[in-house]
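A short worksheet on the structure shown next.
The values are calculated or read from the model by the stated rules, or taken from the named source; none is laboratory data. Note that the coordinates shown come from a computational prediction; the quantities given were computed from them, not determined experimentally. Positions of Cβ are backbone-derived with ideal geometry, glycine not excepted, and every protein chain shown enters the neighbour counts.
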Amino acid sequence: MRKTSSVVYVLTFCFLALLSTAQEKRPNILVIFSDDHTEQAISAYGSKLMQTPNIDRIAKEGALFKNVFVTNSICAPSRAVLLTGKYSHINGLRDNSPRRAFDSNQQQIQRVLSQYNYQTAWIGKWHLNTLPGGFDFWRVLPDQGNYFQPDFVHMNKDTVRHKGYVTNLISDFALEWLEGRDKQKPFFMVVGEKATHRNWMPDPQDLAEFENKEFAFPANFNDDYKGRRAAADQDMTIDKTMVLRDDLKMGVDYTRPGMFGRMTAEEKAVYKKYYDKAELEYNKVKDDSVALLKWKYQRYLRDYLATARSMDRNIGRILSYLDSAGLSENTIVIYTSDQGFYMGEHGWFDKRFMYEESLRTPFVMKYPGKVKPGTIVDGIVVNIDFAPSIIDMAGAKVPEDIQGKSFAPLLAEKPNTKDWRKAMFYHYYEFPQPHHVAPHFGVRTERYKLIRFYGPYDTWELFDLKNDRLELHNLIDDPKMKALIVNLKAQLKTLILQYKDEEALRVFNDNK
Ligand code: SGN
Ligand code: CA
């Protein structure tokens, strides 16, 4: 009897020990999820605008994904896709409207991973019009959040104002949580950055970072939008839409409450000195529309990139922490953004359109020992793939109703891409505010893009990305394209049916 019980004891011990080794082996997963940070501003993607050494380090030590696309190029919908692995019409969040909130009770990455002993956290920008659900820890910016002295909603639902610059504070809280977490369990943490979102308020120490750099306009800056009605109809140009005070910081009254009023006296003094000098330049060009537009473009890029400078430095801080805590070896680090952004392409800032700059999103990741440094992934990855890939790499079972697919097979040294998708489906809804971009959906293959706009008007656009990377020539009425259009429409319909998008199907079937 005694013998039996000691055997049982030893066996139980061995089983538990085995179980805990298996659990220890599960990788930690850290996702750094920025806002509006685009490939054109990341040196790993060949940016001519600035260097981003810390984001580049992730790519160098792991993989750079060259073709990652979002399903709906705005903030809240993209976050909902990240969490659920499902299109907007399935996860319920089609736009940023404060009238609609994300249903936090639905299945999400953190809820799945919690079943596998993961400790989960979301820190920083959240922007889902509801509070996080299913995380062990969260601390989030309300709505869009502020750059200076930002409020954070704490888990007890108190809104607390913290002193400091938002990007530094988000890293402080992330490192604090990492340090204090239960070290027996693997973790899944999302760091939600506010940078590089409008109105691009840099950390005072970075204000002059790009002062002496002259940025050339992109080749399609002066787009005349010929043959593209929706593109002509938008309200997101650097020339006309950008706001002189809030975006370009001219004539700011620092005594007024609001985003500038939140700064400390010292911060205000640094800002005032810097932008007073910029105002001297502005006064010289303000009556000359050509010179003024050039000046606006420089100011836009300098401020946007300076917020990215702080973010890249803070990513460096987080990577150093992982190194020094001995966590780097067993932690998957992913850097990505909610979508891309226009850095003057087509004359724009903002996103929303299915054109390349905002359809794409940067994605780099490292996974020491599993992903070979310098790996390049060419396959078409969509943000619905993020959740299933994370769940899969954690060694957990991917729920069947998730619409994306794990991209893990693409990370193999010799990936078998035969069965991987050859086309992706996009659907954008938010209209008319804030930037008057008509609703549209479409298909993008390796070479072509077919878009159907609806709502205010019914128009189709077709681009050959091989011969027209700048997307200036809509080929929809070109008789030589007839067969191709039939083929792309068939692919589009297949995807609409596959993803069960009834709204798109209705519009598609109206034959307009
Ligand atoms: C704000 C911005 C818009 C931006 C949306 C959505 N205006 O409304 O330019 O498109 O957010 O951005 S601002 O004057 O308030 O800066 S998103 O990243 O949240 O989708
Ligand atoms: Ca965004």
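At a glance:
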read-out	value
Some residue of the range 128-148 being crowded, with 18+ Cβ neighbours inside 10 Å, touching a residue at least 40 places away in the same chain (Cβ under 8 Å) and assigned to a helix (DSSP H, G or I)	no
Tabulated pairs, the range 244-262, first farther than 21 Å from Lys277 by Cα and among the basic types (Lys, Arg), second within 13 Å of ligand 1 (Cβ to nearest atom) and modelled with pLDDT of 95 or more, C-beta under 6 angstrom, 6+ apart or interchain	Arg262/Asn146
Residue in the range 217-240 that is of a type outside the set (A, V, I, L, M), under 19 Å from Gly340 (Cβ atoms), in contact (Cβ under 8 Å) with a residue 24 or more places away in the chain and within 16 Å of ligand 2 (Cβ to nearest atom) present	no
Residue within the range 133-140 that is under 30 Å from Pro388 (Cα atoms), away from ligand 1 (no atom under 16 Å from the Cβ), small (Gly, Ala, Ser) and outside the structural domain of His436 (by TED's automatic domain parsing) present	yes
Subset of the range 58-94 [more than 16 Å from ligand 2 (Cβ to nearest atom), under 29 Å from Ser320 (Cα atoms) and in a helix (DSSP H, G or I)]	Ile58, Ala59, Lys60, Glu61
Residue among Asp224, Asp172, Asp182 that alone is acidic (Asp, Glu), assigned to a loop (DSSP other than H, G, I, E, B) and in the same structural domain as Phe152 (by TED's automatic domain parsing)	Asp182
Matching option when the condition is closer than 27 Å to Phe431 by Cα, within 16 Å of ligand 1 (Cβ to nearest atom) and either in contact with a Gly (Cβ under 8 Å, 6 or more places away or on another chain) or at pLDDT below 95 (or both), among Ala80, Ala76	Ala80
Gly124, sole failed condition from (1) away from ligand 2 (no atom under 16 Å from the Cβ); (2) part of a strand (DSSP E or B)	(1)
Count of the range 478-509 residues which are without any contact (Cβ under 8 Å) to a residue 40 or more places away in the chain and either more than 19 Å from Lys422 (Cβ to Cβ) or aliphatic (A, V, I, L, M) (or both)	14
Single residue of the range 25-57 satisfying the filter (surrounded by 13 or more Cβ atoms within 10 Å (Cβ to Cβ) and either of a type in the set (Lys, Arg) or at pLDDT below 95 (or both)) that is farthest from ligand 2 (Cβ to nearest atom)	Arg26
Scan of the range 242-263 for residues that are surrounded by 14 or more Cβ atoms within 10 Å (Cβ to Cβ) and among the β-branched types (Val, Ile, Thr), ordered by number	Val252
Flag if Phe152 is closer than 25 Å to Gly124 by Cβ and more than 16 Å from ligand 1 (Cβ to nearest atom)	yes
Tally of residues being away from ligand 1 (no atom under 16 Å from the Cβ) and of a type in the set (D, E, K, R) across the range 321-344	2
Test: residue in the range 162-183 that is within 24 Å of Ala387 (Cα to Cα), within 16 Å of ligand 2 (Cβ to nearest atom) and in contact (Cβ under 8 Å) with a residue 24 or more places away in the chain	yes
Options Val507, Val486, Val437, Val443: the member that is within 16 Å of ligand 2 (Cβ to nearest atom) and at pLDDT 95 or above	Val437
Matching entry among Ile334, Ile380, Ile318, Ile384 (being under 12 Å from the mean Cα position of the chain (by Cα) and more than 16 Å from ligand 2 (Cβ to nearest atom))	Ile334
Filtered residues of the range 83-124 (kept if closer than 22 Å to Val153 by Cβ and either among the small types (Gly, Ala, Ser) or not assigned by TED's automatic domain parsing to the domain that holds Val381 (or both))	Gly92, Ser97, Ala101, Ser104, Ser114, Ala121, Gly124
Unmet requirement for Val382, which otherwise passes all of (1) within 16 Å of ligand 1 (Cβ to nearest atom); (2) farther than 22 Å from Lys194 by Cβ	(1)
Which listed residue is of a type in the set (Phe, Trp, Tyr) and within 15 Å of ligand 1 (Cβ to nearest atom), from Phe260, Phe221	Phe260
For Glu214: the one exception among (1) of a type in the set (Asp, Glu); (2) surrounded by 15 or more Cβ atoms within 10 Å (Cβ to Cβ); (3) more than 30 Å from Asp458 (Cβ to Cβ)	(2)
Pairs with Cβ under 6 Å, 6+ apart, first in the range 302-322 and under 16 Å from Leu175 (Cβ atoms), second among the charged types (D, E, K, R)	Ser310/Asp203; Ser310/Asp206; Met311/Glu193
Subset of the range 108-119 [out of contact with any Gly (no Cβ under 9 Å at 6 or more places or on another chain) and either within 16 Å of ligand 1 (Cβ to nearest atom) or not in a helix (DSSP H, G or I) (or both)]	Gln115, Asn117, Tyr118, Gln119
Which numbered condition Asn117 misses (of (1) in contact (Cβ under 8 Å) with a residue 60 or more places away in the chain; (2) among the polar types (S, T, N, Q); (3) crowded, with 20+ Cβ neighbours inside 10 Å)	(3)
Which numbered condition Lys66 misses (of (1) within 15 Å of the chain's Cα centre (by Cα); (2) within 16 Å of ligand 1 (Cβ to nearest atom); (3) basic (Lys, Arg); (4) surrounded by fewer than 22 Cβ atoms within 10 Å (Cβ to Cβ))	(2)
